[in-house]
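Reviewing the structure listed below.
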Amino acid sequence: MDERQARVVLDDIVAVLNRNPAHALGVEPVRRFVEQVYIPQKYENGDWRKATGQEAEYLFRRSVSPMIGELRCRDLTAENLRGVLRKLAGAGLSYASVTKVRFAMGDMVKRMVAEGYLMSNIAEGLKTPKSARRSDHSRLRRVKLAEYLRAWAVLAERERLAFDLVTFCGLRESEAYALKNGDLFELGGIRIERSWYKGEINPTKTGQIRNVGVELEIFERLKAWIETLPDRSKDGWIFPNERMVNPLLPDNVLRRNVYPRLEPLGLDWINFAVQRRSHSTLHQERGTDPKIIADQQGHGLGVHMAEYVDSSLARKREASSALWSDFKSLRSQAHPTNGDK
């Protein structure tokens, strides 16, 4: 490069130093940066909900700080990060858990660069070691419609409705149990604007409000269920606990009302996580537009698609209805005398 180009590059380097002279040399230990800069900023920016933040803090204390916490930020290298991942994998941590640490360290390094503690992103290209223990296959299972029918047949209507909202409409269980009567805003449409997670009402996981299309038969069953509730006002919970103050806790529902009925059938591996994975898989097998699936579930296919393209409620409802139709047809074949009730 010529002198003019060199001066432009030099100005960029010096600008970082001038902007944050106390920290630009990276003399702060990694542990202190995480505790005093990274974690407070994540909360301040609204990137973490309370439960998410608690899990992340625990992750750093348990897995990151013991190995690289005392290193100065400027001395941190990509090999240090790879060493953390190798050690965790060697200790028998699952592939999913090691991957969580990888993402957390990558986010931490990006913040270090932005704040002037590091000059380059040393976490770019970081990968989870293949030696990390893969999760038990049963934890990654998807439920087939025939299996879901057997489970559905033995559940009470309250549990059926919650399961159907996850399996056929793509809701998270935290969103299904956070529904209020007033969230049914038009025929076949539900507004998702909050979550019920670990005993706390929070915004949705992505922080965005979205509309979900619901198969009309499921929608009518929801309305009929609401008519049986003591509190049928717009602010009443669709799945309230006994005191009617808060929604039911999904984990309690599984433990008390679902697993005892599914265990004799050998289906007690079915839970909300399995159902949500199954929603994507079942729709994919039907050839449903991936964008519609993403919109229903509340996550994007990329910045452009997620931010600027939105499937209409009618198309989302149509996709939900098509999958429900497959299930209803199978149900009719299994119980021909019951018709389509």
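Against the chain, whose longest principal axis is taken from its Cα atoms, helix 272-286 shows a tilt of about 80°. Per-residue packing, averaged as other Cβ atoms within 10 Å, sorts the ranges 2-12, 172-182, 45-55 into the order 172-182, 45-55, 2-12, beginning with the highest. Using the empirical formula 2.2 N^0.38 Å as the baseline, the Cα radius of gyration of the range 21-135 reaches a ratio of 1.02.
Sorting 318, 35 on solvent-accessible area from highest to lowest, probe radius 1.4 Å, gives 318, 35. The simple Förster model, with R0 at 45 Å and r as the Cβ-Cβ distance, assigns residue 191 and residue 263 a FRET efficiency of 0.80.
Please report, as a whole percent, how much of the solvent-accessible surface of the chain comes from carbon and sulfur atoms (probe radius 1.4 Å).
50 percent
Let me test this: with uniform point scatterers at the alpha carbons of the range 213-303, what is the Debye-based log₁₀ I(q)/I(0) at q = 0.24 1/Å? The Debye formula, applied to the Cα set alone, gives -1.18.
Along the range 80-96 the Karplus relation, 6.51 cos²θ - 1.76 cosθ + 1.60 evaluated at θ = phi - 60°, assigns HN-Hα couplings of 4, 5, 5, x, 4, 5, 5, 5, 5, 5, x, 7, x, 5, 5, 4, 5 Hz to successive residues, with x for each Gly and Pro.
Between residue 144 and residue 12, the FRET efficiency estimated from the beta carbon spacing at R0 = 45 angstrom works out to 0.20.
What does the charge count near residue 127 come to, summing +1 for each Lys or Arg and -1 for each Asp or Glu among other residues with Cβ under 12 Å from its Cβ? Net local charge, residue 127 excluded: +3. Here the contact order of the chain, divided by its residue count and restricted to Cα pairs under 8 Å and six or more residues apart, works out to 16 percent.
If you wrap the chain's Cα atoms in a convex hull and average its projection over all directions, what's the area in nm²?
Approximately 22.0 nm², given one-decimal rounding.
The angle between the Cα long axis of helix 3-19 and the main principal axis of the chain comes to about 70°, on a 0 to 90 degree scale.
The values are calculated or read from the model by the stated rules, or taken from the named source; none is laboratory data. Quick caveat, the model's predicted, so the values are computed rather than measured. Neighbour counts are summed over all protein chains in view; Cβ atoms, including those assigned to glycine, are modelled from backbone coordinates with ideal geometry. Ligands, DNA and RNA are excluded from the accessible area calculation, which covers all protein heavy atoms including side chains. Shrake-Rupley method; radii C 1.70, N 1.55, O 1.52, S 1.80 Å.
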